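*Asks:* Quick one: the structure is below, and I'll ask about it shortly.
The values are calculated or read from the model by the stated rules, or taken from the named source; none is laboratory data. Keep in mind that what you see is a predicted model, and the values were worked out from it rather than measured. Neighbour counts are summed over all protein chains in view; Cβ atoms, including those assigned to glycine, are modelled from backbone coordinates with ideal geometry. Note: areas computed on protein heavy atoms with side chains; ligands, DNA, RNA excluded. Shrake-Rupley method; radii C 1.70, N 1.55, O 1.52, S 1.80 Å.
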Amino acid sequence: MFLASSTKPIDSNLSSLAEQIEQQNPGLSVLAARQFRFAIRQTPLEVAISEPRQFNVLEEFILRAGVEFEPAPTLKELADLLGLDEIFVKTTAATLVSLESLEVAENGKIAIAPQGRDFFEKGAVSRSQIQSIYAISDPLNQTLTFKFDALAAESVNLPDLADLVSLEHKITDLANLSLAEIQPLIQDSGLGIHAPQNGKIVSACDVVGDDLDIWQTVSIFVLLDAVENKTTLQVRQGKQILETASNRLNELESQQKLSLNDLCKLTEYLISQESEIIPTPKTRKQASKKKPKETKSGNK
């Protein structure tokens with residue numbers, strides 16, 4: 001038998017979830033439940049994405065001419081050889097020059113660039129595009145993720161968890177991260193813009209704006225385990241349990257760096273009162289003992 005929820009410091013909008021937790025876990029009592037806000041940090045970025053592209057027929061022919069023809073031809077000579085307008089050949093050559101695959105002298109003579117030789121052997125060129133993304137740093141869950149769309153900044157009228165718990169970002173300044181450190185984080189975010197196995201690479205990353213704090217809402221529950229007779233803290237967003245955040249708060253509370261009274265208005269008296277009315281649980285490994293059967297012979 002536990003105390004009624006109305007006698008506990010449980011926010012009214014969390015009472016239904018508190019009852020649900022107790023119904024689904026008969027050995028647990030929700031001693032307190034309170035909502036807080038905390039700020040995640042949103043940083044606008046621009047990334048350059050390089051990915052392979054197959055050469056078209058004319059691009060491949062111009063590069064082949066730069067590699068195999070001796071002496072190297074001019075663009076006009078290539079146009080005459082192919083029966084094409086010289087403007088068309090010049091436009092294609094300009095594309096190859098922009099991709100650092102081809103060099104064209106003032107007299108129109110072509111020369112394969114070092115990178116162009118590598119592209120020619122692979123049969124594909126690396127093209128680059130710029131993509132805007134956002135880095136989201138969560139100090140409570142200690143995560144750094146990336147999204148295509150910006151999160152909306154909304155006003156949240158709740159107590160600030162940072163007033164009671166030290167919340168530090170895992171990465172204090174994105175600009176201090178190397179590209180090699182950022183690439184796997186972008187890959188793990190599932191955006192599909194860094195996939196080395198497919199030749200798609202984030203080749204540059206730049207911060208292009210100021211950080212913006214985005215308020216988030218979390219619920220903190222203080223649970224009393226009737227079997228273990230101990231309290232634990234559980235952090236949730238909606239019905240989702242935040243394991244990293246929960247473990248962190250429990251560690252702080254065990255180190256006496258966090259007060260349950262300050263956090264959830266939970267007094268030692270209420271905890272002891274709830275503990276006293278909990279029936280002594282049976283040991284989990286207690287087995288029922290059966291009397292040995294008496295045999296007809298040998299027993300008196």
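*Asks:* Is it the case that ALA180 is open to solvent by less than 40 Å² (accessible area, probe 1.4 Å) and either at pLDDT 95 or above or farther than 30 Å from LEU58 by Cα (or both)?
*Replies:* No.
*Asks:* If you don't mind, there's one more thing I want to ask. ASN141 - would you say it is open to solvent by 80 Å² or more (accessible area, probe 1.4 Å) and part of a loop (DSSP other than H, G, I, E, B)?
*Replies:* Judged against the criteria, ASN141 is not a match.
*Asks:* Among the residues of region 86-93, are any at pLDDT below 95, assigned to a loop (DSSP other than H, G, I, E, B), open to solvent by 50 Å² or more (accessible area, probe 1.4 Å) and touching a helix residue (DSSP H, G or I) at 6+ places or on another chain (Cβ under 9 Å)?
*Replies:* No, the conditions are met nowhere in region 86-93.
*Asks:* Select from region 157-174 the residues that are open to solvent by less than 70 Å² (accessible area, probe 1.4 Å) and part of a helix (DSSP H, G or I) and list them in ascending order.
*Replies:* LEU161, ALA162, LEU174
*Asks:* Something else: Mind checking which residues of region 244-276 are surrounded by 12 or more Cβ atoms within 10 Å (Cβ to Cβ), modelled with pLDDT under 85 and part of a helix (DSSP H, G or I)?
*Replies:* LEU270, ILE271, GLN273, GLU274, SER275
*Asks:* Would you check if ASP173 is at pLDDT below 90 and among the acidic types (Asp, Glu)?
*Replies:* yes
*Asks:* Taking region 24-77 on its own, how many of its residues are aromatic (Phe, Trp, Tyr), open to solvent by less than 60 Å² (accessible area, probe 1.4 Å) and over 25 Å from GLN237 (Cα atoms)?
*Replies:* 2
*Asks:* State whether the residues of region 14-37 include one that is over 30 Å from SER98 (Cβ atoms), among the β-branched types (Val, Ile, Thr) and not in a loop (DSSP other than H, G, I, E, B).
*Replies:* Yes, there is a match, as at least one residue in region 14-37 is over 30 Å from SER98 (Cβ atoms), among the β-branched types (Val, Ile, Thr) and not in a loop (DSSP other than H, G, I, E, B).
*Asks:* I need the full set of residues from region 214-243 which are outside any loop (DSSP other than H, G, I, E, B) and of a type in the set (Lys, Arg), in order please.
*Replies:* Result: LYS230, ARG236.
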